[in-house]
Amino acid sequence: MKKIIAGVLVAVLWFAVVITYTVIATKGDDDEDAHEFTVLTVKEETVKDYNTMPVFKDLARVTGRDVYWIYNTSTQYANNTDPVGINGIDAIYHSGFSNLQLYNYGRSGRIVAIDEYLKNDKVMPNLYKILEERPDIKEALTINGHIYSLPRVEEMGLKAYPNLLFINKAWVQKLIDSGNLPAGVELSEADLIDGLKLTRNQFKSILQKFNDFDMDGDGSTQNEVPLSFVSGNWQGNEADLIASFGVPENTEHKTVVDGKVTFTVESENWFNAVKELNDWYNKNLIRSTAFTQTQDEFLAKGQDGRYGAFYWWEKETVVSKDLQDDYVMLQPLVDDATGKQYVGVSNELEIEKGECVILNACKDKAGLLSYFDKFFEPVYSAQLNYGSIESGAFEKYKEGEMLVHNTDHGAQSADDFRMKNAPYGVVYLDKDVWGNEVQMEPRAQLRLERLDTYLQNNAFTNVTSIPNLNYSKEELDTLNRYENSLGKNITSWFTTRVTARSAPTLGDWQNFLKTNATSIRQVKEVNQKAYDRYIAAAGK
């Protein structure tokens, strides 16, 4: 027993050391102490080293700033409870900090109040001009009177509806040809085109056939995945499957209905959805991996066409090029009880804060901010967002001309190329940039067409997303007390009940609401006050 306890202690101590010093394990060959600035970024191993990316080499040349990049993977970063406390770094790129984190780190002085450097156009002329011309962006970034982070702005009109549903038409055709279509489903080959309309029960019965038969013809019925998604992910999640029950769901379970901030979990339709998804899970139509996989794992598994259906915002990323014709887009599922189609609206906004923070430990804050200011110029924003001109993300470019995407990346998909070559992060690609300085990516144009044709007309007419809200110190303290734990409680209850052996009862759900009643009330009240102020300001 003593040996077991000792072993556990050693493992725990080892894990703590790894997390604390994980940055050291992901440095490049150079010594960062020899560089002017060291920036920690969150980067997966498949993404190229930022220090070798042409766009960063060019930025170093034009700014005269020597920036050295070190890395955490997303898992390492998530396990680090205090990334601001990492020694030897000047900034965190892809910080992902929430309003509460920005507020807490900012008021304690551990990250820089960037607005102190935006009183004129000397340090950050590009961002200064943006905030002068776009007071809505300035408002969105402000927390308790200060701006603590650099934003990401990408205005394309896509983020509100991130869940398109695709079905494997090749498998459906096999069911037609073999006479195995489920009862109540009448389809012909001519029906298997984008815009196919199915009720939720018809869809469910088709998924059951996908599970029961050897659809891929390999002699086994064990490797077909009837329906896949990435639970809780910003795109390709289960929200619109739940929305089909008549509840305006999104990943935060929080939205605005008729001007009132609302938690979807309080709707009995939401409970009915959870109960039904439990049945789908126990009939093997949804696998446990849907609740545990990362989006990278989801994309990797989809390449060989093993999914019977999936949620994502494009099929072109999920399946390999030679299999894309096997899938068609479904309209939002028809609710069997009402005959209506419903789509929720996400709270993913096109103006994102928390993308980059400067640490108070940085010795030349103005110098590092002046470096990041170049990121807001269209030519650099485009390369940060898609990959450098030199890497082949765009066709040959002449100054003053529009940047045009290169769509030929050989055997790899556009998304594979982008994930390896584009650092993303701090960019400014507003509506004026598209069509004037940077051509919109063809697949983004296709997504917009699909949304316009099949999806947006089914959105709840009385529902809107929650905009970027400003909170008072007292309101932030209240959110700090209740919001994070509430979100974890909802996620835990939802996942546990969907994947349980038996369906939740009405009493289970009512007890869940009773347990979290105070948190729900407090978070709603704070957000409602902030939302009302936002609407009043917009009206003026």
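Couple of notes before you dig in:
- Computed with a 1.4 Å probe on the full set of protein chains, the accessible area for Tyr531 sits at about 20 Å².
- In a DSSP loop and with at most 12 other Cβ atoms within 10 Å, the GluC sites (Glu not before Pro) in region 185-263 are Glu186.
- With 28 Å as the limit on Cα-Cα distance, the pairs of Lys374/Lys431; Lys43/Lys169; Lys159/Lys420; Lys363/Lys420; Lys129/Lys363 that go past it are Lys43/Lys169; Lys363/Lys420.
- Sorting the segments 94-103, 61-70, 505-514 by their residues' average number of neighbouring beta-carbon atoms within 10 angstrom, most packed first, yields 94-103, 61-70, 505-514.
- Couplings 3J(HN,Hα) for region 447-456, derived from phi with the Karplus relation 6.51 cos²θ - 1.76 cosθ + 1.60 (θ = phi - 60°), are 4, 4, 5, 5, 4, 5, 7, 10, 10, 4 Hz, where x marks Gly and Pro.
- Rounded to the nearest 10 Å², the accessible area of Ser228 at probe 1.4 Å: 10 Å²
- Approximate spin-label separation Thr515-Gln173, in nm, with each point projected 7 Å along Cα-to-Cβ: 4.9 nm
- Net length gained if the chain between Gln456 and Ser74 were fully extended (0.36 nm per residue, minus Cα distance): 134.3 nm
- Magnitude of the charge dipole, the chain, Cβ model with Lys/Arg +1 and Asp/Glu -1, debye to 20: 1740 debye
- Point-to-point label distance, Ser288-Thr338, nm (Cα→Cβ direction, 7 Å offset): 3.5 nm
- Cα centroid separation, region 268-308 to region 65-111 (Å): 33 Å
- Rounded accessible area per residue of region 405-540, 1.4 Å, Å²: 52 Å²
- Efficiency of FRET between Glu268 and Gln412 - r from beta-carbon atoms, R0 56 angstrom, step 0.05: 0.75
- Linear extension gain, Thr491 paired with Leu349, 0.36 nm per residue minus alpha-carbon span: 49.0 nm
- Accessible area (Å², 1.4 Å probe, nearest 10) - Lys138: 100 Å²
- Hypothetical label at Asp136: residues of region 323-358 whose amide nitrogen lies under 11 Å (7 Å Cα-Cβ projection): 350-351
- Cα centroid separation, region 323-372 to region 209-223 (Å): 34 Å
- Taking each residue as 0.36 nm, the span from Asn223 to Ala503 lengthens on full extension beyond its C-alpha to C-alpha distance by 98.2 nm.
- Backbone phi angles across region 276-287, fed through the Karplus curve with coefficients 6.51, -1.76 and 1.60 (θ = phi - 60°), yield HN-Hα couplings of 5, 5, 4, 5, 4, 5, 6, 9, 6, 7, 10, 9 Hz in residue order; Gly and Pro are listed as x.
- The amide H of Ile286, built 1.01 Å from its N in the peptide plane, has Tyr281 as neighbours under 5 Å, considering only residues 5 or more places off or on other chains.
- Value of [θ]222 nm, deg cm²/dmol, for the chain, DSSP H segments ≥ 4, -39500 (n - 2.57) each, nearest 500: -11500 deg cm²/dmol
- Only Lys, Arg (+1) and Asp, Glu (-1) charged, at Cβ; region 328-465 dipole about Cα centre in debye: 240 debye
- Relative contact order %, region 209-265, counting alpha carbon pairs below 8 Å whose residues are six or more apart: 18 percent
- Sequence of Trp171, Trp313 when ordered by accessible area, the most exposed leading, probe 1.4 angstrom: Trp313, Trp171
- The largest accessible area among Val225, Val274 belongs to the first residue in Val225, Val274, and the rest follow in falling order (1.4 Å probe, all chains).
- The relative contact order of region 358-475 comes to 26 percent, based on Cα pairs under 8 Å that sit 6 or more residues apart.
- Here the accessible area of the chain is 49 percent carbon and sulfur, with a 1.4 angstrom probe and all protein chains present.
- Each Cα pair under 8 Å and six or more residues apart adds its separation to the average, and for region 294-418 the resulting relative contact order is 16 percent.
- Separation between Cα centres of region 134-173 and region 482-531, rounded to whole Å: 25 Å
- Filtered trypsin sites (Lys or Arg not before Pro), region 406-447: DSSP coil and at most 15 other beta carbons within 10 Å: Lys431
The values are calculated or read from the model by the stated rules, or taken from the named source; none is laboratory data. If you're wondering where the values come from, they're calculated on a predicted model, not measured in any experiment. We place every Cβ from the backbone using ideal geometry, glycine too, and count neighbours over all the protein chains shown. These area figures cover heavy atoms from the full protein model, side chains too; ligands, DNA and RNA do not enter into them. Shrake-Rupley method; radii C 1.70, N 1.55, O 1.52, S 1.80 Å.
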